[in-house]
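The values are calculated or read from the model by the stated rules, or taken from the named source; none is laboratory data. Please read these numbers as outputs of a predicted model, since none were measured by experiment. Ideal geometry is used to build each Cβ from the backbone, glycine not excepted, and the neighbour counts take in all protein chains shown.
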């Protein structure tokens, strides 16, 4: 095999970070710096590979690889200081390096079976990281739940691979995508195969009701949460974007993705407003964001999905790693925002802001972009609703218009800036029915109404009940937890130090 | 042999009274943004240390000494001498012999467990591998319920104003379908709807249902309340604040107790047979009540005392060394906080210049104020938690218009950032904002990862154009200034420059930051207090008033506020505008401080791993203070061990290793003993709180320590932290604050208080300070009267620790 093909093979990013495994003993600092340099080296290798292949090649893959490697690098640098003095630092570094390697393999894998294998490795490494403190029972329970759900997802994905192999005669992703583009997927087997793949992805992307583990991983050090929420849980989105021609040809998969995504978006979005601790709130927001990502993929908004992947990864990594600043933020911001309490006026202002904002975004879209797809309505709605609070003005406060514009315009400009950049990277799918877009708008609009009601302190009779349900996560996770424990016991190491001693003496007395 | 089974527990026939008694045991825990050290045993101070150790063991399963392996290391290294152990043995009444104690070092550790509750008995029947345990579930449920009840900032969607915690919980639990799903039990939810609406009625009913004899009620309540002691401490804080503000006292603790007890009631399944869970529990309860503490636990307490005696011995030796002679007329006097971190810097200052004198005083400098920063909505108390603030200090530019502008611009800036984070949080907005703004975080992540720097700690740098004015009547301002000068002995012989040095830490991304700030200033930096005091003392009107009171402040004397940044060990002076500070004096002062800080920094850097020289010490300290991933930015007050009350002449130049609080006191100027009484009732209690917080965070880390910092999860914006997903609210210091990963960095000791005054005077001063008296009588600290002949223990049953003085110099 010529040297160049080895250097260009996706194996390089997929194996290089794992070389940190070679440092097994001695000063942890050496292990940390090895991992640091290996991750940097891998990023360099990815860049070089990209250059060698020619810049004209689709930049999606190198972009995603660089994203994952960047996150891994941030996590390694952070953890090196953060975990000083902790035991088992070597093991931690090894697992982070393994996760990075395997995540690169998921992104770069040329074949579905390799992709699945790499994804399993990511999941297993993550599972061990979640149990960094093995004596913590909640950590074990969360890891255990994640273990079961992930295996279920992988099973579905594997079945999908088998079916597609039968239909297409190959597991090469490029080949399957080409076939799907050429012929569409007429047979039921094709459709079933894609559906199985999508179910697998959904299971591994923490969609309700199997989302519980994602919220309960605060039992591992902060950087592990950051890695999981920023770099691992959204691998499903990357896989879907890689398989976009398959999705475009499978209406059933689209509907499934949008339906699941919308439910998760709505429920997790509502729950996140009731959380009482910073990290758990961030986790529920991740869950909602993953729902959004799935829905975007289902709608064929692949550009937005990629933008979302990048933005969310960086944002969430940042949010978790700086979650210790919550008190500083509290000191700075507490009591600063006092909102008017005239409900009717305020609600009307919110409604007007929503309409105005959507109209502005629509106008900008029409002015800047040619061609028109139904799905772009979904994008317009998302942006319009998101930026609406900036335009919220009461008739009496028209003098604040400049302030409103300084809040609105830069965000809009930024959004379109990203949009134009990504336009060169990949194309959106098409051919989604209008009702799918309508379905997608339901959670968005509901959340907008709800956030308006909450922030204006409107108290309607039904709201307290919904709040209570939301506070309990809509009771979705409890049955799953119980089932997970009952079906397959978690292995518990060590014991709780505060456990009241129900010693042999008592037991004897009972007998 | 002492009987260990008999508990000195009063018998309560009245359930309400028992509930009150149980709640009265819990010390408050301040929120994170105002976090001050609290003695978690404060409410138990009227009992003796030994008795509380027994009770904590019984009710909470907690220890009040380290595991024996800790003392084994100390014994092996010779840190505890045979004589120390013998003295400790004698003090404990010779219950254990020397061979017993030595043998115990190799004994296996025995676990501690609290008295069992019904939920524990039920857990015995549950399979922990297949089922969630009741005690886990109950703690989680109560904790989440309390968090949502008390939270005011984290959740955007909060419950509507229900005033009673108990009623809120009752409404929550009876509708909680999730818990029945999780626990696989439906029956208790139906019973929840039948619980009494009144918490007192519930407690009454519970006692009846569990058929508790009157003497069992209090232990049962206390045990139940300790299961949620974190939230109990938060409730106690709210009640404490209400008391300081003279408002009607809420009954949050009673409600919390009722909630925990209600869970026990819910779990009674109505089965009355012999094999029912209730009778199982009754057996367990009585058996546990009659089980004495294991000898290992009690021996660990003897070892703990031996360790304290060993430190006392070393301290007395150090104090008997010849102090540096007092310099001639001072050019600079610097008043520091009594904080142990000041000791190091003061020593370095005095060593470098004989023209510099240093003094120690409680870091709020006697100004009972709340501070309102420019643009801030509320004033933050800057004084010890024991007291309520009397006055507000506000930043002022001198003109009303200027103030209004200043305030408005600061407020607008704050509003803009607050709006952005509010916008980001909104569920419908977050989807797109993450896409739009997320990629920009690349730059921040890159910067933080390369340099480690995150945002700077705000509030440390005052606006040079503003002065801080105290809104208090003139007589009171004169009073504050006069009391300060008399208590520090500065009423005569003032130097041309008097520095008033407050202290604060500089850390980032650290929810526990306030714990490193000045405890005497309510967990804030001491600079505003220093600025207020200096502004008072530089004020002509106040000086005139002082002259009438007999204190003559020389015309040339300038009071200059300064801030000691304890993380980096750097002192910045903030003379403020319009202060005529002689340039030469200023230059002398600044260069001296620079040198002394470098020395102090180098000394303190040695407590971190890795070799350091002077240059790298600064670099490393700066990195620690600004690194977003740093969990040990500084060691804070770790290893604090003693309070020395006396003139600096006694301790000048002595190496006290940054373990001593130093307070100025001159018995010759205190004819009626009132100053000493104030010190005993103020600074001594504050130092006891600090000392006991560190003590408890080491010996009882699960209850009074907040666990692993890498798992901390801030609750309600500032209320406290969870360790991980949930569980009880965690209070106290994190493990990282007292342990470096391989060894303890704090040695848990009860405070040794050395007072340079006659024993009789100390005893009579104690008579006027009941709280201080409790601490001494209960042996929560050990007071020694220092004289030329040695150090005399102030305690009923005194003995003399004779240490011959080595040639005290003039």
Task: Which listed residue, of B:121, B:107, B:83, B:79, is surrounded by fewer than 19 Cβ atoms within 10 Å (Cβ to Cβ) and part of a helix (DSSP H, G or I) - done: B:83
Open item on the list: I'd like to verify a number: residues in the range A:378-403 that are in a helix (DSSP H, G or I) and either at pLDDT below 85 or more than 23 Å from residue A:294 (Cα to Cα) (or both), how many?
Closed with: 13
Open item on the list: What pairs come out if I take residues in the range B:447-476 that are within 23 Å of residue B:575 (Cβ to Cβ) and pair them with residues that are surrounded by 13 or more Cβ atoms within 10 Å (Cβ to Cβ) and modelled with pLDDT under 65 whose C-beta lies under 9 Å away, six or more apart or interchain?
Closed with: B:468/B:462
Open item on the list: Looking only at the range B:147-180, count every residue that is at the interface with chain A (Cβ under 9 Å from one of its Cβ atoms) and modelled with pLDDT of 90 or more and tell me the total.
Closed with: 4
TODO: At least 1 residues that are surrounded by fewer than 16 Cβ atoms within 10 Å (Cβ to Cβ) in each: list the helices (runs of 4 or more DSSP H) lying fully within the range B:229-318 that qualify.
DONE: B:229-244, B:277-289
- [ ] Kindly indicate the residue of the range B:121-130 that is out of contact with any helix residue (DSSP H, G or I) (no Cβ under 6 Å at 6 or more places or on another chain) and touching a residue at least 40 places away in the same chain (Cβ under 8 Å) and also nearest to the other protein chains (Cβ to nearest Cβ) among those meeting that condition.
- [x] B:124
Open item on the list: List the residue pairs whose Cβ atoms are under 6 Å apart, where the first residue sits in the range B:167-181 and is touching a residue at least 24 places away in the same chain (Cβ under 8 Å), the second is part of a helix (DSSP H, G or I), and the two are 6 or more positions apart or on different chains.
Closed with: B:169/B:145; B:169/B:259; B:172/B:145; B:173/B:192
- [ ] State whether one or more residues within the range A:333-345 are in a helix (DSSP H, G or I) and under 18 Å from residue A:237 (Cβ atoms).
- [x] no
- [ ] Would you check which residues across the range B:329-341 are more than 15 Å from residue B:648 (Cβ to Cβ) and more than 34 Å from the chain's Cα centre (by Cα) and list them?
- [x] B:329, B:331
- [ ] Mind listing just one residue for me: the one in the range B:733-762 that is out of contact with any helix residue (DSSP H, G or I) (no Cβ under 9 Å at 6 or more places or on another chain) and part of a helix (DSSP H, G or I) and, of those, surrounded by the fewest Cβ atoms within 10 Å (Cβ to Cβ)?
- [x] B:760
TODO: Restrict the check to the range B:445-453 and report whether at least one residue is at pLDDT 90 or above, at the interface with chain A (Cβ under 7 Å from one of its Cβ atoms) and in contact with a helix residue (DSSP H, G or I) (Cβ under 8 Å, 6 or more places away or on another chain).
DONE: yes
Open item on the list: Within the range A:74-95, take every residue that is crowded, with 23+ Cβ neighbours inside 10 Å and more than 14 Å from chain B (Cβ to nearest Cβ) and give me the one that is nearest to residue B:631 (Cα to Cα).
Closed with: A:93
Open item on the list: Take the conditions more than 22 Å from the chain's Cα centre (by Cα), at the interface with another protein chain (Cβ under 9 Å from one of its Cβ atoms) and more than 26 Å from residue B:141 (Cβ to Cβ) and apply them to residue A:430. Does it pass?
Closed with: no
Open item on the list: I need a count of the residues in the range A:290-327 that are within 9 Å of chain B (Cβ to nearest Cβ), crowded, with 24+ Cβ neighbours inside 10 Å, in contact (Cβ under 8 Å) with a residue 60 or more places away in the chain and more than 15 Å from the chain's Cα centre (by Cα).
Closed with: 2
Task: residue B:615 being farther than 21 Å from residue B:358 by Cβ, surrounded by fewer than 18 Cβ atoms within 10 Å (Cβ to Cβ) and in contact with a strand residue (DSSP E or B) (Cβ under 8 Å, 6 or more places away or on another chain) - done: no
Open item on the list: Among the residues of the range B:200-215, what is the count of those that are in a helix (DSSP H, G or I) and surrounded by fewer than 21 Cβ atoms within 10 Å (Cβ to Cβ)?
Closed with: 8
Task: Hits in the range B:105-114 (condition: within 32 Å of the chain's Cα centre (by Cα), more than 8 Å from chain A (Cβ to nearest Cβ) and at pLDDT 85 or above) - done: B:105
Open item on the list: Test of understanding: among A:449, A:458, which residue is surrounded by 14 or more Cβ atoms within 10 Å (Cβ to Cβ), outside any helix (DSSP H, G or I) and either facing another protein chain (nearest Cβ under 10 Å) or more than 27 Å from the chain's Cα centre (by Cα) (or both)?
Closed with: A:458
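This table checks each residue for (1) under 27 Å from residue B:35 (Cα atoms); (2) out of contact with any helix residue (DSSP H, G or I) (no Cβ under 6 Å at 6 or more places or on another chain).
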site	(1), (2)
B:532	yes, yes
B:539	no, yes
B:562	yes, yes
B:575	no, yes
B:586	no, yes
B:601	yes, no
B:608	yes, yes
B:624	yes, yes
B:632	yes, no
Task: Selection from the range B:378-417 of residues that are within 22 Å of residue B:521 (Cβ to Cβ) and either outside any loop (DSSP other than H, G, I, E, B) or over 26 Å from the mean Cα position of the chain (by Cα) (or both) - done: B:380, B:381, B:382, B:391, B:392, B:393, B:394, B:395, B:396, B:410
Open item on the list: Just to be sure I understand, how many residues within the range A:471-484 are assigned to a helix (DSSP H, G or I), over 20 Å from residue A:144 (Cα atoms) and facing chain B (nearest Cβ under 7 Å)?
Closed with: 1
TODO: Test residue B:543 against the stated conditions and say whether it is touching a strand residue (DSSP E or B) at 6+ places or on another chain (Cβ under 8 Å) and at pLDDT 90 or above.
DONE: no
Open item on the list: Just to be sure I understand, how many residues within the range B:696-728 are away from chain A (no Cβ under 12 Å) and in contact (Cβ under 8 Å) with a residue 60 or more places away in the chain?
Closed with: 5
Task: Hey, residue A:278 over 22 Å from residue B:144 (Cα atoms) and either more than 11 Å from the chain's Cα centre (by Cα) or away from every other protein chain (no Cβ under 11 Å) (or both) or not - done: no
TODO: Considering each of A:67, A:63, A:71 in turn, give the residue that is within 14 Å of chain B (Cβ to nearest Cβ), under 26 Å from residue A:423 (Cβ atoms), touching a residue at least 60 places away in the same chain (Cβ under 8 Å) and surrounded by fewer than 20 Cβ atoms within 10 Å (Cβ to Cβ).
DONE: A:63
Open item on the list: Every residue in the range A:404-435 that is out of contact with any helix residue (DSSP H, G or I) (no Cβ under 6 Å at 6 or more places or on another chain) and part of a loop (DSSP other than H, G, I, E, B), please.
Closed with: A:424, A:427, A:430, A:431, A:433
Task: Positions within the range A:216-259 being assigned to a loop (DSSP other than H, G, I, E, B), more than 15 Å from the chain's Cα centre (by Cα) and within 12 Å of chain B (Cβ to nearest Cβ), in sequence order - done: A:216, A:220, A:221
